1. Step through the residues of the range 49-64 one at a time and calculate ³J(HN,Hα) from phi using the Karplus curve (6.51 cos²θ - 1.76 cosθ + 1.60, θ = phi - 60°), rounding each to whole Hz and writing x for Gly and Pro.
2. Among rounded, prolate and oblate, which fits the range 65-198 when a ≥ b ≥ c are the square roots of the eigenvalues of its C-alpha gyration tensor, a/c under 1.5 means rounded, and a/b larger than b/c means prolate?
3. Treating the beta-carbon of each Lys and Arg as +1 and of each Asp and Glu as -1, no other charges, what is the dipole magnitude of the range 127-228 about its Cα centre, to the nearest 20 debye?
4. If you roll a 1.4 Å probe over the range 133-201 with all protein chains in place, what percent of the accessible area is carbon or sulfur?
5. What whole-number value in Å² describes the accessible area per residue of the range 127-228 for a 1.4 Å probe?
6. In the P(r) worked out for the range 4-121, what percent of Cα pairs fall beyond 21 Å?
7. Please report, in debye to the nearest 20, how large the charge dipole of the range 4-121 is about its Cα centre when each Lys and Arg carries +1 at its beta carbon and each Asp and Glu carries -1 there.
8. Using a 1.4 angstrom probe, figure out how much accessible area the range 23-65 has per residue, in square angstrom, rounded to the nearest whole.
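The values are calculated or read from the model by the stated rules, or taken from the named source; none is laboratory data. These numbers come from a predicted model, not from an experiment. For neighbour counting, all protein chains shown are included, and Cβ atoms are generated from backbone atoms with ideal geometry for every residue, glycine included. For the accessible areas, the whole protein counts, side chains as well, though only heavy atoms, and no ligand, DNA or RNA atoms are used. Shrake-Rupley method; radii C 1.70, N 1.55, O 1.52, S 1.80 Å.
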Amino acid sequence: MSIKVLLVEDEVAIRKFTKINLERAGFEIYEAGTGEEGVEVAFRERPEIVILDIMLPGIDGYEVCKILRTQMPEIGIIMLTAKSQEIDKILGLEQGTDDYLVKPFNPQELVLRIKSLIRRLDYKNEKPVNHDSLEDGPFKLDFYSKRLLKDGKSLDLTPTELAIVKIFLMNKGRAITREELMELAWGDNFSGDNKIIDVNIRRIRSKIEENPAKPIYLQTVWGVGYRWGD
Ligand code: CA
């Protein structure tokens, strides 16, 4: 079964060109020219990945991201922007995007980013041998429902955030460097900014910690990286 990718982009030329390249890479492509249409197609086709332009007629990419994250937290989202000034805003999104690319982009780079994201989706879903869940203190990472629970209550983590939490729960107490996290969660071929790791850590903390400024679960190891403590 091929991976379903939804392309939400109002510029027809960019959409067609991107579609051809992604199909060549073996993905099954669905298209939408507006945010509203994007949401509709996403609900109907349940794609694994959404490529989401920010500037769209009607509801914009930020709004679409918010709707999709609320309704389909398991979906992988890569945002496209024409303005590099938007990057901080994209990374700061409360609900979170999994990755981003600045236009104009090389379609091969987009293919690599999609493959890296699929790797994270797979890594998140792949059960460790003999485990249906990983537990620590109030937390339970449930591989059946693909959710992280705290005291039995589901926390809405993005696929990337779940992949990161899984790495920490499988390596309790061990300090993990940014480079190692990058390799485990994003894969060797990831050419994006290291900053995306710190952004994801910050977002995970805001969801799992009582006081994200004084984290007790996802701790900083100065000069090294991060560690899951207890
Ligand atoms: Ca646009």
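1. Going residue by residue, I get 10, 10, 9, 10, 6, 7, 7, 10, x, x, 5, 8, x, 4, 5, 4 Hz, with x marking Gly and Pro.
2. Working: a/c = 1.96, a/b = 1.55, b/c = 1.26.
Prolate shape, in that a/c is at least 1.5 and a/b is the bigger ratio.
3. Numbers: 17 positive and 15 negative charges, 50 e Å.
With Lys and Arg at +1 and Asp and Glu at -1, about 240 debye.
4. Values: 1310 of 2910 Å².
C and S fraction of accessible area: 45 percent.
5. Numbers: 5100 Å² over 102 residues.
Here the per-residue accessible area is 50 Å².
6. On the way: 1848 of 6903 pairs.
Counting every Cα pair in the range 4-121, those more than 21 Å apart make up 27 percent.
7. Values: 16 positive and 21 negative charges, 90 e Å.
With only Lys, Arg, Asp and Glu charged at Cβ, the dipole is about 440 debye.
8. Numbers: 1890 Å² over 43 residues.
With all protein chains present, the range 23-65 gives 44 Å² per residue.
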